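See structure below.
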Amino acid sequence: MKYISTRGDKSPKHFCDILLEGLAPDGGLYLPESYPQVNDETLSRWRVAYHNQGYAELAFEILSLYIDDIPAADLKALCAKTYTSEVFGTGEIVPLRHLENNLWLEALSNGPTLAFKDMAMQLLGNLFEYELGRRGEELNILGATSGDTGSAAEYAMRGKKGVRVFMTSPFGRMSPFQQAQMFSLMDDNIFNIAVDGVFDDCQDMVKAVSNDLDFKRQYRIGTVNSINWARLLAQVVYYFAGYFQATELNTQKVSFTVPSGNFGNVCAGHIARMMGLPVAKLVVATNENDVLDEFFTTGVYRVRTSADTQETSSPSMDISKASNFERFVFDLLGRDGARTKALFGDALQRDGRFDLSQHQAFNDARLRYGFESGKSTHADRLATIKDTFERHGMMIDTHTADGVKVALEHLQAGVPMIVLETALPIKFAQTIVEATGQEPDRPAKFIGIEALPKRVTRMAADVGAIKAFIVAHCQ
């Protein structure tokens, strides 16, 4: 299996090369040359493996299709080390919970930081340590987070040999719990940087550093954001796991609703569908920052400025420039790298938008690839959290509430709809109390976390400043 760039660079790369590299040299994102195809026989075999041997075995089966430069025995051991009941709190790893009728919730937030990002990040930490150890190298991870990616990355990488983490986040825009999770870590290899701006400013800094190829190579810069293919690949697994729990026969289809800002989580669903997973619909749920809903409704992809990015009660989706969207558009345009580069490398930089409303690709997004979308507001979140708690006795977080609200608008008779849970409610306690009048449960290990000492550096949204910070801490 070889990997190419969405912007046309077809120099084939192996998995372990792009694992450590992040963005392609031409500024594009990596994808496999083609998606492995899964037939009925393979689906049946995986179904049995998942139910009899567990999530780690399913992960090994799927990852093996994309990774041929790690010995099978080592890859199997890495999956077994990652997906354990000790790490994820349950042997099922991603259990389905029934809400009503054909509506299900896939629990993805049982990991160390109580967010779905742990599902991929725990594997990524083990992959990094394995490959760096094999090469005798070090890696400086530069990331951007709107809330959950940062803590998931830091908890996965803390204490790992050969790895430093430099994590940027928008100053004052995460929940108090999210800030405490990250900023209270005192490990020598973890560095938190609070940036004056919004998430997109942080993401732009990461991309700018990654596009400075000389600096990137000299200081061994890697990424853990979902621009890193390995993270996206790990997320593909739980789509198959959800499907095997919701169905008994491979002739059945399911739909997924995914709360999304950066398009990484739902892009993994697109990849699963391209492999042959029987998916009816992939429904994108946004908050007030509705750049993705606007595209799937109108065909216009229009990024927002920092000033136009709203601060909401589902802050991990306060994103107006969905970096993973480029992967989907690459497929949507028939894998035309030159056209993809013209849109993402040129039109967006020049105009802040592009328009596919008159292009067959816009119709294909819905008809061929099964994408639909919807939007949720603060009032919707409060109502959904309250209703879910009162009718089902289940507390859900604000982002998952966005998903449930939109999912209810896209139900199909006889087709299970699975909403991907994004985090546990405690991470957004203020809004949960506003909706229900009750404090959400807090795991014992996080009691009093907001009062712990914090270590964080505040910084302007300046590429030169972040480079200087990395250099100073790599001596």
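The values are calculated or read from the model by the stated rules, or taken from the named source; none is laboratory data. Just so it is clear, the model here is predicted, and its values are computed rather than measured. We place every Cβ from the backbone using ideal geometry, glycine too, and count neighbours over all the protein chains shown.
Tabulated results
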| read-out | value |
| --- | --- |
| Scan of region 121-151 for residues that are under 17 Å from the mean Cα position of the chain (by Cα) and closer than 19 Å to GLN203 by Cα, ordered by number | MET121, ILE141, LEU142, GLY143, ALA144, THR145, SER146, GLY147, ASP148, THR149, GLY150, SER151 |
| Candidate set from region 206-219 (those that are of a type outside the set (A, V, I, L, M, F, W, C) and surrounded by fewer than 18 Cβ atoms within 10 Å (Cβ to Cβ)); member that is nearest to the chain's Cα centre (by Cα) | ASN211 |
| Residue within region 29-43 that is among the aromatic types (Phe, Trp, Tyr) and part of a helix (DSSP H, G or I) present | no |
| Members of region 122-154 that are in contact with a Cys (Cβ under 8 Å, 6 or more places away or on another chain), crowded, with 24+ Cβ neighbours inside 10 Å and in a helix (DSSP H, G or I) | LEU123 |
| Cross-chain or 6+ apart pairs with Cβ under 7 Å, region 42-65 first and among the basic types (Lys, Arg), then at pLDDT 95 or above | ARG47/PHE244 |
| Neighbours by Cβ (under 6 Å, 6+ apart or cross-chain): first from region 288-312, farther than 23 Å from VAL195 by Cα; second in a helix (DSSP H, G or I) | GLY299/PHE362; TYR301/PHE295 |
| Residue match in region 152-163 (condition: within 15 Å of VAL456 (Cα to Cα), under 19 Å from the mean Cα position of the chain (by Cα) and touching a residue at least 60 places away in the same chain (Cβ under 8 Å)) | no |
| Residue check, ALA268 free of Cβ contacts under 8 Å to residues at least 60 places away in the same chain and more than 15 Å from PHE362 (Cβ to Cβ) | yes |
| From ASP331, ASP308, residue being among the charged types (D, E, K, R) and out of contact with any Leu (no Cβ under 9 Å at 6 or more places or on another chain) | ASP308 |
| Test set (1) over 24 Å from CYS202 (Cβ atoms); (2) in contact with an Asp or Glu (Cβ under 6 Å, 6 or more places away or on another chain) - ALA460 fails condition number | (1) |
| Identity of the residue in region 2-28, touching a strand residue (DSSP E or B) at 6+ places or on another chain (Cβ under 9 Å), part of a helix (DSSP H, G or I) and surrounded by 18 or more Cβ atoms within 10 Å (Cβ to Cβ), that ends up modelled with the highest pLDDT | PHE15 |
| Top-ranked residue of region 326-369 - restricted to ones that are under 15 Å from GLY27 (Cβ atoms) and among the aromatic types (Phe, Trp, Tyr), ranked as surrounded by the most Cβ atoms within 10 Å (Cβ to Cβ) | PHE330 |
| Pair list, Cβ < 6 Å and 6+ apart or interchain, from region 430-445 residues that are under 16 Å from GLN178 (Cα atoms) and in contact (Cβ under 8 Å) with a residue 40 or more places away in the chain to residues that are in a helix (DSSP H, G or I) and small (Gly, Ala, Ser) | PRO440/ALA429 |
| Residue that is nearest to HIS399 (Cα to Cα), among those in region 292-306 that are modelled with pLDDT of 95 or more and surrounded by fewer than 22 Cβ atoms within 10 Å (Cβ to Cβ) | ASP293 |
| Residue in region 235-247 that is surrounded by fewer than 24 Cβ atoms within 10 Å (Cβ to Cβ), at pLDDT 95 or above, not acidic (Asp, Glu) and not in a helix (DSSP H, G or I) present | yes |
| Unique match (being in a strand (DSSP E or B), among the hydroxyl-bearing types (Ser, Thr, Tyr) and out of contact with any Cys (no Cβ under 8 Å at 6 or more places or on another chain)) among THR305, THR297, THR257 | THR257 |
| From the options ASP346, ASP380, residue that is free of Cβ contacts under 8 Å to residues at least 40 places away in the same chain and closer than 28 Å to THR422 by Cα | ASP380 |
| Selection count where residues are more than 18 Å from HIS399 (Cα to Cα) and crowded, with 24+ Cβ neighbours inside 10 Å, scope region 94-121 | 2 |
| GLY91 part of a loop (DSSP other than H, G, I, E, B), on the phi > 0 side of the Ramachandran plot and surrounded by fewer than 19 Cβ atoms within 10 Å (Cβ to Cβ) | no |
| Test: residue in region 395-417 that is free of Cβ contacts under 8 Å to residues at least 60 places away in the same chain and either of a type in the set (Lys, Arg) or in contact with an Asp or Glu (Cβ under 6 Å, 6 or more places away or on another chain) (or both) | no |
| Output for region 439-456, where each listed residue is basic (Lys, Arg) and part of a loop (DSSP other than H, G, I, E, B) | ARG442, LYS454, ARG455 |
| Selection within region 170-215 - assigned to a helix (DSSP H, G or I), farther than 30 Å from ALA451 by Cβ and acidic (Asp, Glu) | ASP200, ASP204, ASP214 |
